[in-house]
Amino acid sequence: MEIVKVKNKYQIVIPEEIRKEANINIGDFLEVKNTKDGIRLEPKVLVDREFIGALKEFKLAKTLGPFRNSKEMFKFLDLSKKSKKYRR
């Protein structure tokens with residue numbers, strides 16, 4: 001167990017060992033919940049609403065492009081990752 005101090009703007013420092021175990025990095029978002037056992041911090045990924053809408057349309061095949069379906073596109077992307085031409 002680690003003890004941390006609450007700073008003047010109610011900030012705390014998450015100890016290094018705990019950050020590493022939880023894979024928390026600078027710039028990550030954490031959801032803060034008040035539970036009956038105490039305060040809980042949970043890493044979260046934020047996704048733009050427009051991206052979610054576009055993804056839903058793509059899954060419903062409401063897009064134009066060289067692929068007949070999402071499986072073809074993902075297969076192409078997977079092969080592109082493995083290709084030397086696309087490596088950085």
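Is segment 18-26 home to any residue that is touching a strand residue (DSSP E or B) at 6+ places or on another chain (Cβ under 8 Å), surrounded by 10 or more Cβ atoms within 10 Å (Cβ to Cβ) and at pLDDT 80 or above? Checking segment 18-26: at least one residue is touching a strand residue (DSSP E or B) at 6+ places or on another chain (Cβ under 8 Å), surrounded by 10 or more Cβ atoms within 10 Å (Cβ to Cβ) and at pLDDT 80 or above. Return yes when Met73 is touching a Gly at 6+ places or on another chain (Cβ under 8 Å) and free of Cβ contacts under 8 Å to residues at least 24 places away in the same chain and no when it is not. When the stated conditions are applied, Met73 passes them. Hey, Lys7 hits all of (1) of a type in the set (Lys, Arg); (2) exposed (fewer than 10 other Cβ atoms within 10 Å of the Cβ); (3) at pLDDT below 80 but one; which does it fall short on? Failed condition: (3). Ile52 passes every criterion in (1) modelled with pLDDT under 80; (2) in a helix (DSSP H, G or I); (3) of a type in the set (A, V, I, L, M, F, W, C); (4) surrounded by fewer than 11 Cβ atoms within 10 Å (Cβ to Cβ) apart from (1).
Let's see how each residue does on (1) under 25 Å from the mean Cα position of the chain (by Cα); (2) small (Gly, Ala, Ser); (3) part of a helix (DSSP H, G or I):
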residue: Glu2; (1), (2), (3): no, no, no
residue: Tyr10; (1), (2), (3): no, no, no
residue: Ile18; (1), (2), (3): yes, no, yes
residue: Glu21; (1), (2), (3): yes, no, yes
residue: Ile26; (1), (2), (3): yes, no, no
residue: Glu31; (1), (2), (3): yes, no, no
residue: Asn34; (1), (2), (3): yes, no, no
residue: Arg40; (1), (2), (3): yes, no, no
residue: Pro43; (1), (2), (3): yes, no, no
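Inside segment 70-88, residues that are polar (S, T, N, Q) and either modelled with pLDDT of 75 or more or surrounded by 11 or more Cβ atoms within 10 Å (Cβ to Cβ) (or both) make up a count of 2.
The values are calculated or read from the model by the stated rules, or taken from the named source; none is laboratory data. Worth saying up front: this structure is predicted, and the values here are computed from it rather than measured. In this analysis, Cβ positions are derived from the backbone assuming ideal geometry, glycine residues included, and neighbour counts consider all displayed protein chains.
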